[in-house]
Structure formats: C-alpha cells, structure tokens
Amino acid sequence: MALKITVIGTGYLGATHAAAMAELGFEVLGLDVVPEKIELLSSGRVPMYEPGLEDLLAKHVAGIEGSTGRLRFTTSWEEVGAFGDVHFVCVNTPQKHGEYACDMSYVDAAFASLAAVVREGALVVGKSTVPVGSAERLAGLLPEGVDLAWNPEFLREGFAVQDTLRPDRIVVGVQDFGARAEKTLREVYAVPVGQGSPFVVTDFPTAELVKTAANSFLATKISFINAMAEVCEAAGGDVAKLAEAIGHDDRIGAKFLRAGVGFGGGCLPKDIRAFMARAGELGVDQALTFLREIDSINMRRRGQMVEMAREVLGGNSFLGRRVAVLGATFKPDSDDVRDSPALNVAGQIHLQGGQVTVYDPKGMENARRLFPTLGYAETALDAVRGADVVLHLTEWREFRELDPAELAAVASSPVILDGRNALDSELWRAAGWTYRAMGRPRA
C-alpha cells in the first residue's frame, strides 16, 4: 500500500513540500493552525510568490477541476493522525526577539500536538532548521513505536519547486542506525534518488548541522567578496574583475562572488546567528566567532550604500532629495522582504529626510506592510521620474533589461548606484548616466 504523507505547517517550506509530494505520486494532507491559510491553499493559491508553486498546487489540490485530487488541507490534528504514515514537520523557527537564538516554540507545539494523535508505526520527519541537539530531545516527546528522522531542507527562494523535486542532495538523520526510518524515506524520495540525487544517511546531530553549516559557508563567501570590495574601494581596484579571476579557481568557484549590499531574507541571517548562539551553549563559541564578523560585514554594506548615496548627492543631508529604489525583496524571483537590504537602505534614507520611491516587480504589497511611510510606484519608470539618484538594490531581470535612455529622460539627475553589480555599466554610461557600483572604479 502506498505511503500517505502529512505536512505540518504550510508556509513557504510546507506548501512547497506538500505540492511536491503530491507531484511524486503520494496522497498528501497538509495541516496548519491558521484557517485562512488552509482556505487559500485549498483553492490552489499561495500566500507568497514562488515561481511554479501555484501551478503545481492547481494540478493536485482536491476540488479543483482537472486536478489529481491527491492533495488536501486541514486544521484537524485528529485527521492528520488517522491519515498519515509519514509526517513532515515544516514549521518556522524564527529568531528570538532580542536574542541570537532561534525560537523553537512552534516546533515544540507541533511535536506535542502530533504526539497526541500519531499512530504506532508512523514516521515523523523534521524538516525545520533547528539547533543541533533538538532532534534527540524531540524524539523523547513522541510515543513508543513512532520513529523520528531529520531531513533538513535546502530550498532556494525562486527555485523551491525545482529544489524539492530534483534536490542536489537528500540528507537523512536517523537514530541508532534506524533502518526502518531510512527505508521509508528512501521510498518517499525514490524518484529523485532514481534521477541521481545523492542520498546521505547520518546521525541526528550531523543532519541538524548540515543546513546551518551550508548557510554559514554561503554567508562567509558573500561577506568575503564584500570585504574585498571595501579593500578595492580603498585601493582603487575592481572587485568584479577580482571575483572573475578568483572564480576560475575550481577550489573557489564563481558562485556567490558578486559584491553588493549583502544578503538578507528569512534564513541566512537568522541561521548564522542561531548557530553562534548554539555554539555558545555547547561551550565552543570560539569555533564560530568568525561568523560575528561575517554578520558585521554584511550589515555594514547597507550603511555604506546609504553613505554612497549621500556622497553623490553632495555629501550633505538627504532632506528634500528624491531617491528612487529599484527593488524591495531580499532577492529576485520572490516577494519576501524579510531582512531585505533594499528596504533597509530605503528606510534609512527615508528616516534621514529623503523622499524615497520604491518599485519591485513582486514585493510591493509586503513592502508597504513593513514600510508604509515609503513612496511606492507602479513601474520602474514612475519610480525614477524626478529622482536625484537611483539605487539598484535587487537584481531582478526586469531591471537588467531596462532602457537606460528612457529612464534618463525622466530622471532629475541621471545618477545610478548599482548595489548588486548586475547592470551593464557601459550601456548605462553610454545613455548619459553617472554609474557607480560598490568596489568598482568610478569611470
């Protein structure tokens, strides 16, 4: 008999995982404690922008014409317990208010509720990003006869569907060489494994560490090239050429070597901070002190972009100056504005008296909720109209394809600061713009 799968928590991770499991052929039941979210998902819609996700939902959600009907959603724990053979826990672990550590309250609550209804012989699979040591503790909350495995997620916003259906690796942490748990998860992931995705089996602590270690490495690489940009600015070098040159070294690679205003979002910043906090609890805080500097470099870039804008405006006050910001999300192909460098820079300039107008292809609604006092435009052209300086802060394809001459005709002063080093500098300069980028020569 085919396995029946439940997904606990239907946010960004859970909604994607539920739809992907249905695509792989399983009957799936998703649970959330927010009725409005369940109602939305049951209609085949999602509360966030993620390319391909709504199409995948519509293909499988029960009640939608032409769907397979393999995917349903509920608010009932009892229904989840009776239905599921495998329960994936996909709830959020945000950063604690005023602390570096992550908030485990949502995970703890999910496990407590699931423990009350789960059937003997079922498998619970944690996918949430948690501090190392959590899985062993959470296993103690489950009734006897119920196994736990830890299966960290590695989703990239904008590529989440692809990353779930064709992952670059599947990591499974099991307790005491848990053959039954491993066998079940090999059955769950049989299709991607058959397509070549590596299946890595390890213990609980290692599985928990993989996600935070991977994010810490990526954050280090991003902050490294941003630190090099600072040196290039002081020495007159070109960080883009530097990155190109070192990126040809196979040991280093070219990815994540584009200097700019740094990383943001709901994962990288909070994950490296939670990692530092947990290392301190384990008595090995010195092992991760370098992450404090990584975090510091990253946050410093935002202030440096503000100062670069101030400099091109004459080095004085922003008061009364019109600033256009292209980008609100922390990365392209997403509507996520959590800890967005673009919005942080826009907010800082606004607080210092600048008249800031923002445009983003997908993040406008979320940006308005977070920063209601900023100005918002319906198009990039409208945002740039009358601007004394333009800041390019999220590397959307739409921005790379803009016509610099068309924008120059409506700007008060054709000055652009490329906070992502992603625009064609020669094209913009040929159209009459003064082009500046972080870590690049001025001419």
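The values are calculated or read from the model by the stated rules, or taken from the named source; none is laboratory data. Treat the numbers as computed from the prediction; the structure is a model and nothing was measured. No Cβ is skipped: glycine too gets one built from the backbone with ideal geometry, and neighbour counts run over all protein chains shown.
The table below gives the values:
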item: Looking only at the range 174-223, and only at residues there that are touching a residue at least 12 places away in the same chain (Cβ under 8 Å) and aromatic (Phe, Trp, Tyr), the one that is surrounded by the fewest Cβ atoms within 10 Å (Cβ to Cβ); result: Phe199
item: Residue within the range 151-168 that is touching a strand residue (DSSP E or B) at 6+ places or on another chain (Cβ under 6 Å) and assigned by TED's automatic domain parsing to the domain that holds Phe83 present; result: yes
item: Hits in the range 184-204 - residues which are in a helix (DSSP H, G or I) and aromatic (Phe, Trp, Tyr); result: Phe204
item: The range 124-148: number of residues that are in contact (Cβ under 8 Å) with a residue 40 or more places away in the chain and either under 20 Å from Ser197 (Cα atoms) or assigned to a loop (DSSP other than H, G, I, E, B) (or both); result: 8
item: Scan of the range 286-318 for residues that are assigned to a loop (DSSP other than H, G, I, E, B), surrounded by fewer than 21 Cβ atoms within 10 Å (Cβ to Cβ) and touching a strand residue (DSSP E or B) at 6+ places or on another chain (Cβ under 9 Å), ordered by number; result: Leu313
item: Extreme residue, nearest to the chain's Cα centre (by Cα), among residues of the range 179-237 that are closer than 25 Å to Arg292 by Cβ and charged (D, E, K, R); result: Lys211
item: Whichever residue in the range 155-168 is surrounded by 18 or more Cβ atoms within 10 Å (Cβ to Cβ) and on the phi < 0 side of the Ramachandran plot and, among such residues, is nearest to the chain's Cα centre (by Cα); result: Glu157
item: Residue in the range 45-66 that is within 26 Å of Arg119 (Cα to Cα), part of a loop (DSSP other than H, G, I, E, B) and modelled with pLDDT of 95 or more present; result: no
item: Output for the range 351-382, where each listed residue is touching a residue at least 24 places away in the same chain (Cβ under 8 Å) and assigned to a strand (DSSP E or B); result: Gln355, Val356, Thr357, Val358, Tyr359
item: Phe224 vs. criteria more than 20 Å from Ala422 (Cα to Cα) and of a type in the set (Phe, Trp, Tyr); result: no
item: Candidate set: the range 4-44, residues that are of a type in the set (S, T, N, Q) and either surrounded by 22 or more Cβ atoms within 10 Å (Cβ to Cβ) or free of Cβ contacts under 8 Å to residues at least 24 places away in the same chain (or both); chosen: the one farthest from Leu114 (Cα to Cα); result: Ser43
item: Residue in the range 1-44 that is farthest from Val124 (Cα to Cα), counting only those that are charged (D, E, K, R) and assigned to a strand (DSSP E or B); result: Glu27
item: Residues within the range 391-429 that are of a type in the set (S, T, N, Q), within 24 Å of Met228 (Cα to Cα) and touching a residue at least 24 places away in the same chain (Cβ under 8 Å), tallied; result: 2
item: Lone qualifier among Val410, Val389, Val415 - being more than 27 Å from Phe330 (Cβ to Cβ) and at pLDDT 95 or above; result: Val410
